[in-house]
Number of protein chains: 2
Amino acid sequence: MRHRDGESQATVTISDVARSIGVATSTVSRALTKPGRVSEAMRQRVLTAANELGYQPNPHARSLTSGRTQSIALVVPDVTNPYFFDLIRGTQAQAKARGYRHVLVDTEESTEMEAATLTELSPSVDGIVVAASRLPDSALLGASERVPLVVVNREIPGVPSVVIDTPMGMVQALDHLVSFGHRSVAYLAGPATSWSSRKRWRAIQQAARRLGITAHSIGPFSPTRAAGAAAADAAIHHGVTACLFFNDLLAIGSLQRFAERGVRVPEDMSVVGCDDIFGADFCHPPLTTLTAPIEHAGRVATDMLLAGLQTAGIDVPAPRQREKLPTHLTIRRSTGPAPGWTGLSTNSTQGNQA
Amino acid sequence: MRHRDGESQATVTISDVARSIGVATSTVSRALTKPGRVSEAMRQRVLTAANELGYQPNPHARSLTSGRTQSIALVVPDVTNPYFFDLIRGTQAQAKARGYRHVLVDTEESTEMEAATLTELSPSVDGIVVAASRLPDSALLGASERVPLVVVNREIPGVPSVVIDTPMGMVQALDHLVSFGHRSVAYLAGPATSWSSRKRWRAIQQAARRLGITAHSIGPFSPTRAAGAAAADAAIHHGVTACLFFNDLLAIGSLQRFAERGVRVPEDMSVVGCDDIFGADFCHPPLTTLTAPIEHAGRVATDMLLAGLQTAGIDVPAPRQREKLPTHLTIRRSTGPAPGWTGLSTNSTQGNQA
DNA sequence: AACAGCTTGGCAAGGGGTTGCCAATCCTTG
DNA sequence: CAAGGATTGGCAACCCCTTGCCAAGCTGTT
């Protein structure tokens, strides 16, 4: 049960390698990490020796001096949420592709924990992707001065970010609903601390005004399936004919509740989700939703972060610091004509034909 | 864009703290990490000073000397698979609860990558949880000599493990099907390298013999939703009336295919999944499946791993090295009576009443 | 008052690499 | 053939913290 220092094999260090071929440790180090700093012949000698001795570089020693850790962190409010699975997948894949280790931290929807995580983490990783942060701008800005940071679904002046343009998508969804004759819709909001949720509501409000329909914001709701029941009840209570949910989890949760209460989807109530997470296509009915390129967002964020790190020197035109990814509306079975809609209205902006 | 060494604030080290209150660095170090090794008064002084100066211990320096890294890794073949989400959740939660960092690595179903990961990772983490390994016993055994290891869903003499007892569950599922009059069932197998899949098939085979029914093993299939279509087709081709799928992903994937081909579930075909992942309860029809305590498995594995680490000294009775977690059958809507079954057979072991 | 035994703090040696600086070599070039 | 420049390799300091060992200071005992 002893590890690393058992009798069988002491850890072999860089100096063991150096000694074995009679060169200085610095030479070995360079051969291993600074291509072109040593002759090709020397490099081969070192590589061979290292291989034979089973040399395994100690990442801690390495990062201690170099400052680089070859790892990035992804900080999410809740690993439980399938939304973040896609993000995890994206960042993890890209990190690995670039030879970086991927540290995953869940802050459990707590701002304190998120703040603490950020400061603790900063010395031990090369950069951090912060998704759906619940922190105020200032805190993130502060953190970004201590460690390279990319935020996802958040916009802060001076901090690189990639946001998924759900507000625009929400408007699209609203158009879709209006074209089906809906005149009164509800937005079932996410956590009060969600920047994204506020943005969406603002976009919906504007669009509703333009379209001449009424929109209610209901909530906040925890972005979970369980909260979907409450959201469904609230929607019913508000007498709307269509719902825009903060995310698919809520929407899927509501589906069951609607069924329980005898509200047929989409005949009596149209339901629009957001994100198009795993499951949105095989729930019942399959969810009309805003397909968000989440995994892609993860990749892009990771790329941004790493691109920023490469910048060992000065120049290197700073990579894009702000990326907005479009969503698109995926229409499935959970949306349909408003109850009693005659289908007459073709130009939807004015609906006075009643 | 400079970090850590900007003009504003150089990193404050242990010796800064020491100097600020006029003590030796060793004292500060001990005050911070060895409770009781210094007087309470001194401890307070150090803590205060550290706080004021904004001291942030450098984890790499710390692990370099101490050997401890305060982080564990979870190695999975595919982060894409919802099954592993639950595992990730479990290990992540438990790791955090114990103050450990959680490193996530995806080996992309590749044995080479898994092997490489294990060796590279070993110096940089305190322990590793390896889930659904695709590696041969010997490789895992070897790795476990270099770094504390816990395997999930795998049994190897000498390596601590936690397995979910799906074979037993499969037998239960088979009983369930037989009680519904099914006489010919298929097991839609997972990857050929999956230890778990082989185990299950063996259990099914035995049980089928005991029950006097026929069971076919079909596959291997990649454990993905996409492969579900092929699995469904194969099942239809074999003329069985019920399917036991390697996992829910396959089962869910098959559901759609069955629908496309006009095979009604459960009227024409009963479907049993495995794992009860996210989505199994709201797909259509909701899946009868083997509910596996995956997240719990993650927690238990992490606990085992960490318990092993605490053992700084000798004694401390080695914690349980082998844990088998039971599954239970969750019956939903995807299973039903075999087509044409009259329901006469009450004692199911002999079915000669035709 | 002398001494033993314990507590507390300091010294300094690493832990395994990286890197700035310098010196020796080697290759061009005039 | 000499001088200048580019390569290549070595020395040694340093990254930040931990820890074995030792000494000083206390307390209490006889």
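The values are calculated or read from the model by the stated rules, or taken from the named source; none is laboratory data. For clarity, every value in this text was computed on a predicted model and none was experimentally measured. Heads up, the Cβs are rebuilt from the backbone with ideal geometry, glycines too, and the neighbour counts pull from every protein chain shown.
Could you pull out the residue among B:ILE294, B:ILE236 that is β-branched (Val, Ile, Thr) and over 24 Å from B:VAL162 (Cα atoms)?
Checking each option against the conditions leaves just B:ILE236.
Working carefully through the options B:PRO266, B:PRO223, find the one that is more than 26 Å from B:TRP341 (Cβ to Cβ) and at pLDDT below 95. I'd like the intermediate steps shown before the answer.
On the way: B:PRO266 fails: more than 26 Å from B:TRP341 (Cβ to Cβ).
Result: B:PRO223 is the single residue among B:PRO266, B:PRO223 that is more than 26 Å from B:TRP341 (Cβ to Cβ) and at pLDDT below 95.
In the stretch B:154-261, which strands (runs of 3 or more DSSP E) lie fully inside it and hold 1 or more residues that are closer than 30 Å to B:ALA143 by Cα? Show your work before the answer.
Values: elements: B:161-165, B:184-188, B:214-218, B:242-245.
Per the criteria, B:161-165.
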Number of the condition not met by A:ILE128 [criteria: (1) more than 9 Å from chain B (Cβ to nearest Cβ); (2) under 22 Å from B:LEU87 (Cα atoms); (3) at pLDDT 85 or above]: (2)
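Just the residues that are more than 14 Å from chain A (Cβ to nearest Cβ) and farther than 22 Å from B:LEU87 by Cα, please, taken from the stretch B:131-149.
Within the stretch B:131-149, B:SER138, B:ALA139 qualify.
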Matching helices (runs of 4 or more DSSP H) fully within the stretch A:1-119 where at least 2 residues are within 9 Å of chain B (Cβ to nearest Cβ): A:59-66, A:82-97
Filtered residues of the stretch B:150-165 (kept if within 14 Å of another protein chain (Cβ to nearest Cβ) and under 12 Å from the mean Cα position of the chain (by Cα)): B:VAL150
Within the stretch A:258-298, tally of residues that are more than 12 Å from chain B (Cβ to nearest Cβ), closer than 24 Å to B:PHE85 by Cβ and surrounded by fewer than 21 Cβ atoms within 10 Å (Cβ to Cβ): 3
Matching residues, the stretch A:83-133, being small (Gly, Ala, Ser), surrounded by 24 or more Cβ atoms within 10 Å (Cβ to Cβ) and farther than 24 Å from B:THR69 by Cβ: A:GLY90, A:ALA131, A:ALA132, A:SER133
Restricting the stretch B:236-253 to residues that are away from chain A (no Cβ under 11 Å) and over 18 Å from B:LEU177 (Cα atoms), the residue that is surrounded by the fewest Cβ atoms within 10 Å (Cβ to Cβ): B:HIS237
B:THR224 being crowded, with 19+ Cβ neighbours inside 10 Å and touching a residue at least 60 places away in the same chain (Cβ under 8 Å): no
Pairs, first within 16 Å of DNA strand D (Cβ to nearest atom) in the stretch A:59-87, second hydroxyl-bearing (Ser, Thr, Tyr) and not in a helix (DSSP H, G or I), C-beta under 7 Å, six or more apart: A:SER63/A:THR69; A:GLN70/A:TYR100
Neighbours by Cβ (under 8 Å, 6+ apart or cross-chain): first from the stretch B:7-22, near DNA strand D (Cβ under 8 Å from one of its atoms); second at pLDDT below 85 and part of a helix (DSSP H, G or I): B:THR11/A:PRO123
Residues being within 11 Å of DNA strand C (Cβ to nearest atom) and either of a type outside the set (Gly, Ala, Ser) or at pLDDT 90 or above (or both) - total across the stretch B:33-58: 11
Subset of the stretch A:10-23 (residues that are within 7 Å of DNA strand C (Cβ to nearest atom) and among the hydrophobic types (A, V, I, L, M, F, W, C)): A:ILE14
